[in-house]
Structures are given as structure tokens and as C-alpha cells.
Amino acid sequence: MADSPTPLPAFTTWPSFPFEGTFSVKALEEPVDPEPTRKGEDIADCAACQAPDDAYIWVNERWRVRATEKPPGLPMVLLLEPRTHLDLGDLPNLLAAELGVMTVRVERAIRSLDNVARVHVNRWGDGTAHMHMWFMARPRGALQMRGTFLPMWDDILPPISEAQWKESLAMVAAWLAEFGGTALAQPPRIDWQAPAKLSEPAPAELAVE
Ligand SMILES: [Zn+2]
């Protein structure tokens, strides 16, 4: 007798589910024991520990915030990391308490962007050992992207423009720096000022008084 297919879960009917068409549930694989180590489990191979501060948009003594490598599809995707090579459950009380403060701060900083309605905060930690908290911005008005499928929508949407991305990163970094630390993200060069007629004013024009 043939196995009957696993019924599809209810979320495939949600308006936020990004796919349509015919689906079937994958067969469950056998559990792996022991599990393989994650990337950067050893501090010597940890990309976060090796990364210089200028790979981040904002830093302080104990925390760093970085952007994705390329412009995301969502208006903003950021990662919050402790400087110390620790996973979430290993954070000492000081860092654990600061994680709460930093989470609220980064959420507010991203939500201050004009085109952002909500910021989703996630920690998975299956891929990379060094603790990293994800912050993903849902575009304002994009009700279809509400909820748990937002990370998928990030990959589905076309990337935002480099200029918009850089400008938003600089705004978030400046917002964070209001509470301390150093903003490292700079706004993009404004190319439209490049033509000669818009170049620097002549010295006489500068002398206004
Ligand atoms: Zn590390």
C-alpha cells in the first residue's frame, strides 16, 4: 500500500505564504547524531571575531551591529553581535541585560526609517556559533509580508538601491550613536552635486559677511 502524502500545514493557506501552486511535504530525514559543528564554533575560525570594526555600521565596547553583505530586499536587515565569542545561552548577566537594551534600541532605530512599519527580531544560531540577533524590517503597507515568512520575502523581493541602503544604514547608525558608541556607516556620496555648475561656490560667494 502506498504511503498517503503528509497533509499540507495550514500556513500554506495564509495570505503571507509567499508561494502558490502544488506542494508536497518533504520526507523527514533520519536524525543526525552527533550533529556537525557550526561555522566558527572555534574562536580561531570565527568570522565575527576576525572582522574589524569597519565591517560594522555601529560599535561600542561590547556590541557591534552589522549590515548584510549586499542590499537586502527588505528596507533593512541588520545583525547585532556581542564582541565576545559567546552564544546566547552563554552570555553573562551584564551582556544578557544589555542584550535587552540593545534589542530595543536597534528595533527603534530601524523603525525610525520612513518606509518601515515593523521590525522582526530573530535568533536562530543554527549556522554560525557566534551569537547574532537578526533584525528584519517589514515595509510599510506590505500587509502580505506580515509575520513569520518575512525572511523569505527578503530573498524574493528585488534588492533595494545601493544609495537608499547606504542612506538608511547611516541613519540607523547615527540613531544608535545618540546613545553612545561609534557610528561607522556613512551616507552615500551625493553624485548629483558632481556637475561643474553645482560645484563648490567661488570664494567670493562664501564670504557672506
Ligand atoms: Zn566569535
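The values are calculated or read from the model by the stated rules, or taken from the named source; none is laboratory data. Please read all numbers here as calculations on a predicted model, not as lab measurements. Cβ: placed from backbone, ideal geometry, glycine included. Neighbour counts: every protein chain shown.
Meeting the requirement of 3 or more residues that are at pLDDT 95 or above, the helices (runs of 4 or more DSSP H) wholly within the range 137-206 are 150-156, 162-177. Considering only residues that are away from the ligand (no atom under 13 Å from the Cβ), over 22 Å from G147 (Cα atoms) and not hydroxyl-bearing (S, T, Y), which ones fall in the range 15-40? Within the range 15-40, K26, A27, L28, E29, E30, P31, V32, D33, P34, E35, P36 qualify. Filtering the range 125-151 to residues that are within 16 Å of the ligand (Cβ to nearest atom) and either surrounded by 18 or more Cβ atoms within 10 Å (Cβ to Cβ) or closer than 24 Å to S168 by Cβ (or both) leaves T128, A129, H130, M131, H132, M133. Just to be sure, is L113 under 23 Å from T37 (Cβ atoms) and among the hydrophobic types (A, V, I, L, M, F, W, C)? Considered against the rule, which asks whether it is under 23 Å from T37 (Cβ atoms) and among the hydrophobic types (A, V, I, L, M, F, W, C), L113 comes out as no.
When the range 83-120 is limited to residues that are without any contact (Cβ under 8 Å) to a residue 12 or more places away in the chain and of a type in the set (G, A, S), the one that is surrounded by the most Cβ atoms within 10 Å (Cβ to Cβ) turns out to be A96. Total residues in the range 75-114 satisfying the condition of being more than 16 Å from the ligand (Cβ to nearest atom), β-branched (V, I, T) and part of a loop (DSSP other than H, G, I, E, B): the figure is 0. Quick test for you: out of I43, I57, pick the one residue that is within 16 Å of the ligand (Cβ to nearest atom) and of a type in the set (V, I, T). Testing whether each residue is within 16 Å of the ligand (Cβ to nearest atom) and of a type in the set (V, I, T) leaves just I43.
Restricting the first member to the range 31-58 and to residues that are within 29 Å of R105 (Cα to Cα), and the second to residues that are away from the ligand (no atom under 13 Å from the Cβ) and assigned to a helix (DSSP H, G or I), the beta-carbon pairs closer than 7 Å and six or more apart or on different chains are I57/L169; I57/V172; I57/A173; W58/A173; W58/L176; W58/A177. Just one of the listed residues (A2, A55, A44) is at pLDDT below 95, at negative phi and among the hydrophobic types (A, V, I, L, M, F, W, C), namely A2. State yes or no: is V65 within 30 Å of L143 (Cβ to Cβ), of a type in the set (A, V, I, L, M) and either more than 16 Å from the ligand (Cβ to nearest atom) or crowded, with 16+ Cβ neighbours inside 10 Å (or both)? So V65 passes the test. Quick check on the range 1-56: of everything there that is small (G, A, S) and exposed (fewer than 10 other Cβ atoms within 10 Å of the Cβ), which residue is nearest to K166 (Cα to Cα)? My answer is A44. What do you reckon, is V59 surrounded by 20 or more Cβ atoms within 10 Å (Cβ to Cβ) and closer than 22 Å to D154 by Cβ? Against the criterion (surrounded by 20 or more Cβ atoms within 10 Å (Cβ to Cβ) and closer than 22 Å to D154 by Cβ), V59 does not qualify.
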